[in-house]
Structure formats: structure tokens, C-alpha cells
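Values in this text are rule-based calculations from the coordinates and carry no lab data. All of these numbers come straight from a predicted model, not from anything done at the bench. Heads up, the Cβs are rebuilt from the backbone with ideal geometry, glycines too, and the neighbour counts pull from every protein chain shown.
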Amino acid sequence: MRVDFTKPAGIQHKQYRNFVDRISPKPNVLVNVVWAFLVGGSIAAIGQALLTLFLMLGLPILEAGAMVAVVLIFIAAFLTGLGVFDDIARYAGAGAFVPITGFANAMVAQAMEARTEGLVLGVGARLFTIAGPVLVFGIVVAWLTGLIYFLFR
Amino acid sequence: MPAAKKQGQQTLVFSNPPVITASGTVVGTKEAAGPLGKTFDRVVDDPYHGEKSWERAERRFLEDAVQIALKKANLSSREIDFFLAGDLENQTEASALAARDLGIPYLGLYGACATIYEGIALGAVLIDGGFAERVVVAVSSHCCTAEKQFRYPTEQGVQRSLTQSWTVTGAGAVILAAQGSGPVVTHATIGKAIDMGQADPNNFGAAMAPAACDTIVRHLLDTGRGATDYDLVVTGDLGLIGRDLAEGLLQDHGFDLAERFTDCGVLIYDPQQQDTHAGGSGCACSAVVTGGYLLQQIQAGKLKRILGVGTGALLNADSPKQGETIPGIGHAVVIERR
């Protein structure tokens, strides 16, 4: 595309953007969706199996649910530490990121990365860099939902 | 009155072309496993290079590259007038720390991934201007420091975009001298920061291609040369997508480089085998390919004259979040067998 300085920059930017879109490869959405479904579904199935197990062992439902989260978080953190989680997520995408495993991964990965800057100013300060927004907006939505429930129950 | 050693708008012509007397290249295992694996001087298997952090490792890579180049040229660091270096860390810290240990008068550079070519151009200016007898130009990049700096933690589970490139882990150094044997630097064309409105930090190739094209076209117009005057026109790290874009842009300007046009980021990895997506990038990408493969090809007589164009995406970690588009830069240097 010949840069023509007599034309407004906007037109040229648009033409170039079209050119870039034409050349750039597109992700295979179908393959990504299938991977995400299979891995995300497997994580959910493991969670369900754990829940059934804990209930069978006699834990009350609330505690059993919390234990499921604890175990899944531990597995995700452990796999992150071993350097395996990112290899799984490369294929699974949102399938690995959206469940609680993604949250654990985001914190552990950040902690490992910040370790060289010390425990307080490194790990402590940067632990929530990626997970933080999830917490912030999770809490905001919970607050709004609570407000709606309070007003319209 | 036009400057005595300047031709056209942006091109410098060296009356006593500085000689590239030696180069040193150090890479990691991924680069060594690529198609150019055998052309590098040293391969370091450990991404930490025996250090505690990636940042320290990158500094070691840089120092190693300089030491290898000095050894090849049979020089000590005292015989070097200036050390020109840059990298991608905050405030180019890897270069600063390497400069501290080397003890050579230091000029820190930042031209993103175009830094090695910016350095060669400036080093040649210092030598041709009579201000230096020998200059070392060196750059480094490390995939883990760059990911940390610009993207996510390395263990973070994210899918890389197909347009994204892989930062080369390694460092390259070249020694420029007023006298000696080796290929010479005859011209340099200093690029403009060109922004075609690209804002995707996962597609540097698209951000840099117009700048590379602009510099190549400007170089050919300034010198009155045509594409056939060069055996190879090689860009720094446009990658597969950026190379295609630049090729298209150059064709629109009436320059069909066809087989003579390639890119260091395309050469360094095998995208099918190594899952690097768009190709290689980073300061070290153009440095280790130029300092290794390209100089070897010139020395072997397979290439007589090349136009190397270092390419850089001039963003920082925050500018895309603030809605800025990404300016690209391209600096061209003519390297000729003598």
C-alpha cells in the first residue's frame, strides 16, 4: 500500500488495517472450542467426582464444596509450579482459565515471576496483578446482585 | 547546504567504510534447535545461565557475546573506544550492567528490536567521523524477561495469538573498526517512526512493516540504487506476517524484491516444528542472525552486498493500555564484502 500523504491518515490506516486483516492468520475457533470444552469439562467432572467423594466421606455439603475448591486450586498451583499448566492451557484456553484452576494459575505464576524481587515488594505486591481484576469485579458484581436481591425479593 | 556525508534525505554514506572485524553470538536452546542452530558461536542450555534471575541471565548473555567477539578479534576491552548497547528491559538495564562489568565508555541505546542496526549505524558514524578506532555494538533479549516486561508471567496459562512472535533468547555483538579485514559498512539509512494505526501488541509485524518499507524505499531513492543492487534485503524481526505485509507494501511502491527479500525472524525458527507462530523477535533476533548467519554468508562469498534493516516496535508495557497505537521503526545498514 503506497503511503499517500495527500490523503487523510485515517483512510490510509483503514486500508492498511484491511490489508493486515487479510494477511494475518485466524485462529481455528472450532478446534479451540472443542479443546476448551473437553478440558474445562474434565476439570468440572473431576470437581464433581471430588464432591461426591467428600460427601460420601461424611462432610456437610458446604464444607465438601470448599474442599473441592481447595483440591483443584492445589492441583492447578502444583502443575503451574512444575511448568505444566501453561502447556495444558495453550490448547485448552478458556477451558483451563475460566474454572478456579485459572485463578490459582494466575496467582502462582505471578508469585514465581516476582520471587526475584523479594517477598514483600515482589511476591506480596504483585501477587494479584492478574488475579486482582477478577476479584475486584467479582466483588462488584456480587455486591450489585445482592442489592438487586435486597430490592426485589 | 547539505551535510557532506549525507545523501538524499536520510542516508549516510561512509567515506572510510568501517570494517566489521568480528562478531559474537550467544543463544538459548530454542534458537540452537532452529534452522540456523549451527551458525551461532555459543549455545547456553540453561535459561538462567547459572544466575538467580532471568535479568541477570540476560546480562550474562550480553557479556558473553561481547567477550566472544573480543576474543575473535584478539582485542582486550581496553582497546575499545566505545560500547554501544541496548536491550528490552526497563531502562535497558542488561546493557548498563554489562557496561559496568566491561568498563568501556558506554552509550546506551534504545531502538527496541532495531537496536543492533541503530548501533551499527552510530558506531560507523563514530569511526568514520574519526572519533573512534574501534567500537563494540551489542544487544540482548531474553524470552522470559521480555514476556515479563511486556506480557504475562511465563507460567501463566494463556493462548498465544497466531500473529505473536517469539522473543529470541540470546545476544549478539559486533566489533566495528577503522582498519582490519572483514565486511564493511558503506551506508546507513536512519528510519522515521512510522505509525499506521496498528494497536495490537500481539502483532508487532503489522506495526513494523510500514516502517521497514518506508526505510527500504527511502534508502533506494536516496542512493539511486535498485533492488538488484543487493543480494539480499533482510529485515530484523517482522516475522511471517510482517514480511508478507512489507513485501506487499514494497510492491505497491514499485519495488519487487521477490526472492531477495527475507527476515531474520523468519530465518531463525521453524514455525511448524517450534510452535513460534509468527517467527522470532527481540533485539537478539536481528543481532544473532546478522552476526552469525549473514556475516558468515558474506565471508563465504555467497552474499556480496546486503541491506540489513533492523525493525522495532516502539511501545512500552502501558502505552497500548492507554489507547496508543504502536509506532514502528526501521534502520537500514549496507554491509558489503570487500
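Comparing Cα centroids, the stretch B:305-338 and the stretch B:247-271 end up 15 angstrom apart.
Counting, for every residue in A:104-112, the Cβ atoms of other protein chains within 10 Å of its Cβ and taking the mean gives 4. Between B:ARG225 and A:LEU53, the FRET efficiency estimated from the beta carbon spacing at R0 = 60 angstrom works out to 0.20.
The label-point distance for B:ALA3 and A:LEU82, in a model that sets each label 7 Å from Cα toward Cβ, rounds to 5.9 nm.
Given R₀ = 22 Å, what would the calculated FRET efficiency be for B:GLN322 paired with A:ARG17, taking r from the Cβ atoms and rounding to 0.05?
The value I calculate is 0.65.
Straight Cα distances below 13 angstrom link B:LYS72 to the aspartates and glutamates B:ASP41, B:ASP64, with same-chain residues fewer than 8 positions distant left out. For chain B, the relative contact order comes to 25 percent (Cα pairs under 8 Å, sequence separation of at least 6). Placing dummy labels 7 Å off each Cα toward the beta-carbon, the span from B:SER53 to B:SER77 is 2.1 nm. Inter-chain Cβ neighbour count for A:16-29, averaged per residue, equals 6 (cutoff 10 Å, partner chain atoms only). Each Lys and Arg adds +1 at its Cβ and each Asp and Glu adds -1 at its Cβ; summed about the Cα centre, the stretch A:28-152 shows a dipole of about 80 debye.
Here the stretch A:110-126 and the stretch B:5-47 have alpha carbon centers that stand 35 Å from each other. Packing around the peptides B:272-279, A:112-119, A:60-67, taken as the average count of other Cβ atoms within 10 Å per residue, puts them in this order, highest first: B:272-279, A:112-119, A:60-67.
The HN-Hα couplings worked out from phi for the stretch A:129-142 by the Karplus form 6.51 cos²θ - 1.76 cosθ + 1.60 (θ = phi - 60°) are 4, 9, 6, x, x, 4, 5, 4, 6, x, 5, 4, 5, 4 Hz, whole numbers, x standing for Gly and Pro.
Within chain B, what's the longest run with no chymotrypsin sites (Phe, Trp or Tyr not before Pro) in a DSSP loop and at most 15 other beta-carbon atoms within 10 Å? Give the range, please. By the stated rule (loop sites, at most 15 other Cβ atoms within 10 Å), B:132-338.
Projected onto planes of every orientation and averaged, the convex hull of the alpha-carbon atoms in the stretch B:184-336 covers 8.8 nm².
When only alpha carbons of the stretch A:28-152 are considered, Rg and Dmax amount to 16.9, 50 Å. Ordering of A:68-79, B:90-101, B:312-323 by packing is B:90-101, A:68-79, B:312-323, highest average first (other Cβ atoms within 10 Å, averaged per residue).
Summarised in one figure, the compactness ratio Rg/Rh of chain B, Cα atoms and Kirkwood Rh, is 0.94.
If the chain linking A:ILE46 and A:LEU127 were pulled fully straight, counting 0.36 nm for each residue of separation and taking away their Cα-Cα distance, it would gain 26.5 nm. Per residue of peptide A:87-93, the mean number of Cβ atoms on other chains within 10 Å of the residue Cβ is 3.
On a straight-distance basis, which lysines could pair with B:LYS6 in a cross-link, Cα separation under 23 angstrom, same-chain partners fewer than 8 positions away excluded? B:LYS6 reaches B:LYS192. Peptides A:19-32, B:214-227 ranked from most to least packed give B:214-227, A:19-32, packing being the mean of other C-beta atoms within 10 angstrom over each peptide's residues. All C-alpha pair distances within the stretch B:6-177, sorted into 5 Å bins from zero, spread as 1, 9, 17, 20, 19, 14, 9, 6, 3, 1, 0 percent across the bins. Among the trypsin sites (Lys or Arg not before Pro) within the stretch B:38-89, those in coil by DSSP and having at most 13 neighbouring Cβ atoms inside 10 Å are B:LYS52. Bridging of B:LYS148 to lysines at a Cα separation below 20 Å is possible for B:LYS30, B:LYS52, B:LYS321, once same-chain residues fewer than 8 apart are set aside. Equivalent-ellipsoid semi-axes for the stretch B:133-188 (Cα gyration tensor, √(5λ), whole Å, largest first): 36, 12, 8.
Sorting B:ILE190, B:ILE335 by the number of Cβ atoms found within 10 Å of their own Cβ, with the fewest placed first, yields B:ILE190, B:ILE335. Rounded to the nearest 20, the Cβ-based charge dipole of the stretch B:184-336 about its Cα centre (Lys and Arg +1, Asp and Glu -1) stands at 420 debye.
Model label sites at A:LEU62 and B:HIS253, defined 7 Å from Cα along the beta-carbon direction, differ in position by 6.9 nm.
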